[in-house]
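Student: What follows is a structure written as structure tokens; I'll ask about it next.
The values are calculated or read from the model by the stated rules, or taken from the named source; none is laboratory data. Model, not experiment: these values are computed from the prediction. Cβ coordinates were reconstructed from backbone atoms using ideal geometry, including for glycine residues, and neighbour counts include every protein chain displayed. To get the accessible areas, we keep the full protein, side chains included, count just its heavy atoms, and leave off ligands, DNA and RNA. Shrake-Rupley method; radii C 1.70, N 1.55, O 1.52, S 1.80 Å.
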Amino acid sequence: MATTSSTNSVALDSISARHHPLMTSRGILSLVAAFALLAFSWRFAEVCPGVLLRPATAAAIWNFVSQLFPPDLSAEFVRTVFRAVAQTMATAVAGTLLSISVALPLGVLATGTLWSRGVLVAANDGFAYGVGWMASRLARTTLGFLRAVPDLVWALLFVAAVGLGSLAGTLALSLAYSGVLGRVYADVFEHVDPQPLEALQSTGATRMQIFLHGVWPQALPHLLAYTLYSFECCVRAAAVLGFVGAGGIGYEISVSMRLFEYGQVLTLLLVFIMLLTVTDAASRSLRARSFRRATSLREMRAESRSSLKLLTNKSRRLVAWMAVLSLMVGSFALAGFAPETLIQAGVASRLTEFVRRMLPLDLSWAFVSSLGTALLQTIAISLMGTLIGMAFAVILAVPATSTLTFLRSDSPGKHGVTDRVLRWLLFWSARLVLNILRSIPELVWVLICILAVGIGPFAGTIALGLHTAGVLGKLYAETMEEVPRRPVEALRSLGASPVQVLLWGIWPQARPLLSSYTVLRWETNLRASAILGLVGGGGLGQAIYNNVQLGFYPRLSTLILLIYALVLASDWIGERLRLRVA
């Protein structure tokens with residue numbers, strides 16, 4: 001005889017089945033659309049899993065891996081590596097400083113609370129408000145365009161304009177990251193506490209005084225943190241720009257790959273991973289130190305302890321600023337910004353001539369219609385690459401999540417030394433694989449995948465998937481580790497297995513953030529898929545590279561405009577998807 005609880009359970013199950021989102025007409029249409037999108041992506045990304053199972057593919061991969069060892073540690077090549085590292089760091093430092101000089105004024109102009117809305121502009125007359133609104137919108141549009149064009153495309157343009165070398169890479173980073181930093185600066189300025197600003201306005205302070213004494217002190221710690229993070233990104237980007245001739249580690253990797261010197265490639269990749277590790281650790285330390293210093297200065301001022309301790313801090317800051325100034329001067333010199341170099345090369349005149357040759361845009365139907373396949377390939381590569389990366393990320397993120405892999409000492413069951421050692425090895429092996437996957441840039445992965453599957457969009461898709469797996473896997477693992485512990489511990493106290501803890505304790509809490517990270521990564525992958533063709537990965541990048549080599553610069557302008565429109569569309573779609581998930 002059925003009990004009341006079992007009857008209720010059956011009833012609830014039937015209700016949930018009838019009202020499950022996948023059982024509704026909207027859910028069915030969503031499934032059909034998803035399968036259609038998958039079929040489209042599979043077709044235009046030219047996915048062919050059978051190629052990976054061919055004996056020739058396995059032989060090519062084994063040949064590549066076997067020739068990586070031993071790494072080339074000869075004295076001559078080590079000197080070459082050190083020069084490449086110095087050039088990469090100089091390009092990153094100079095590019096970051098130039099991007100700050102562009103981003104800061106544009107970020108101030110793009111701050112809506114200063115120019116177009118809020119109490120600070122309520123008292124302005126119509127003309128002043130109109131000028132401020134127009135300047136703010138123009139600054140935001142400029143930042144959006146600078147941010148939308150990939151840094152590698154900027155590098156390719158500057159290489160064509162001013163020639164090979166780190167100068168082109170530095171100019172490319174300065175424009176690409178000024179768009180990113182300017183948008184972040186504007187958002188930080190907009191979200192400061194408005195009460196001090198209103199108090200300053202009530203005393204008759206000008207807009208500049210309000211910014212300097214009200215906005216800037218509140219925003220400074222966050223600006224420093226984001227700027228240091230931007231420097232980390234610049235180091236990664238500077239190492240890749242060499243693939244289009246902008247110097248640094250990327251140039252040496254490209255040369256070694258073309259010469260089939262795979263031992264040199266391994267040395268360069270190991271140095272690159274070490275460089276990123278050191279940069280990330282130093283940046284995290286400086287960010288934490290900047291927040292602690294801001295807090296300690298506020299406390300000392302509040303307690304009026306200003307004499308000896310503040311004097312000591314000022315002396316230390318003076319020494320630090322002198323070291324920073326020396327680093328800046330050396331970086332600009334190594335990046336090709338010496339006055340005699342700029343004058344002899346005629347950089348300004350060459351840039352002006354290059355811009356003139358890019359106009360007007362080539363909007364002929366014959367050219368525009370020929371971009372259809374490349375555009376669809378770019379979209380398909382981004383979708384399939386994200387899907388492949390997401391699948392591998394899930395597989396690797398589960399063992400890389402410490403709360404799932406490691407068990408507490410009071411957990412039920414017997415856990416011997418062997419069990420603990422195996423869990424430790426599983427955790428750190430997964431973490432190591434994720435770090436390797438995300439540390440190697442997409443363009444390097446493309447060159448490796450071309451050896452296995454040949455030139456084309458399939459190589460770009462696999463490369464994007466491998467890099468995405470490392471990025472998303474790390475984000476997935478950290479997100480699952482940071483969920484509230486009480487539901488997880490409650491399930492464990494009932495004897496739940498790790499799989500049950502994952503499905504019923506961690507996944508329901510982490511799902512919104514994991515979905516948001518995945519959508520954001522797809523937006524980033526769409527930008528990346530537009531440049532994979534520069535090294536043979538298909539999509540719009542191949543068309544960009546061909547037109548630069550042939551000198552068809554009006555067509556290049558059209559391609560850049562197309563990438564800008566594609567990025568705007570992806571931002572709009574991504575925002576709608578994130579709102580729906582939320």
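Student: If you rank Trp424, Trp445, Trp115 by how much accessible surface each has, with a 1.4 Å probe, what is the order from largest down?
Tutor: Trp424, Trp115, Trp445
Student: How much of Trp572 can a 1.4 Å solvent probe reach, expressed as accessible area in Å² and rounded to 10?
Tutor: 150 Å²
Student: Sticking with this one: Stretch Leu38-Phe406 to full length: gain in nm at 0.36 nm per residue minus the Cα-Cα span?
Tutor: 128.8 nm
Student: Say each of Ala75 and Asn546 gets a label point 7 Å from the Cα, pointing the same way as Cα to Cβ; how far apart are those two points in nm?
Tutor: 4.9 nm
Student: Could you work out how far apart the two model spin labels at Glu353 and Leu503 are, taking each label as a point 7 Å from the Cα in the direction of the beta carbon, and quote it in nm?
Tutor: 6.8 nm
Student: Restricting to DSSP H runs of at least four residues, report the calculated mean residue ellipticity at 222 nm for the chain, -39500 (n - 2.57) per run over all residues, nearest 500 deg cm²/dmol.
Tutor: The per-residue figure over the chain is -26000 deg cm²/dmol.
Student: Select from Gly336, Val319, Val535 the residue farthest towards the positive end of the dipole of the chain; place +1 on Cβ of Lys and Arg, -1 on Cβ of Asp and Glu, and compute about the Cα centre.
Tutor: So the residue we want is Val319.
Student: A further question on this structure: Could you check how much of the accessible area of the range 387-520 is carbon and sulfur, as a whole percent, using a 1.4 Å probe?
Tutor: Heavy-atom surface of the range 387-520 belonging to carbon and sulfur, 1.4 Å probe: 69 percent.
Student: Ok, one more. At 1.4 Å probe size, with every protein chain present, just tell me what the per residue accessible area of the chain comes to in Å².
Tutor: Here the residues of the chain average 52 Å² of exposed surface.
Student: Could you tell me the accessible area of Phe82 in Å² (1.4 Å probe, neighbours in place), rounded to the nearest ten?
Tutor: Only protein atoms counted, so the area is about 140 Å².
Student: Just check the chain against the gyration tensor rule for me: Cα atoms, a ≥ b ≥ c as the square roots of the eigenvalues, rounded for a/c under 1.5, and otherwise prolate or oblate depending on whether a/b exceeds b/c.
Tutor: Note, shape of the chain comes out rounded.
Student: While we're looking at this one, here's another question. To the nearest Å, what is the center-to-center distance of the range 146-185 and the range 556-578, using C-alpha atoms only?
Tutor: Each part reduced to its Cα centre gives a spacing of 18 Å.
Student: State whether the range 29-98 is rounded, prolate or oblate according to the following rule on the C-alpha gyration tensor (a ≥ b ≥ c being the square roots of its eigenvalues): a/c under 1.5 gives rounded; otherwise a/b larger than b/c gives prolate, and the remaining case gives oblate.
Tutor: Note, shape of the range 29-98 comes out oblate.
Student: Here is a further query. Leaving ligands, DNA and RNA out of it, work out the accessible area of Val355 with a 1.4 Å probe and give it in Å² to the nearest 10.
Tutor: Around 80 Å² of this residue is reachable by solvent.
Student: For the range 46-109, what % of the accessible area comes from carbon and sulfur atoms, probe 1.4 Å?
Tutor: Solvent-exposed carbon and sulfur of the range 46-109 make up 74 percent of the total.
Student: Under the classification rounded if a/c is under 1.5, otherwise prolate if a/b is larger than b/c and oblate if not, where does the range 423-582 fall, given a ≥ b ≥ c as square roots of the Cα gyration tensor eigenvalues?
Tutor: Because a/c hits 1.5 or more and a/b fails to exceed b/c, the range 423-582 counts as oblate.
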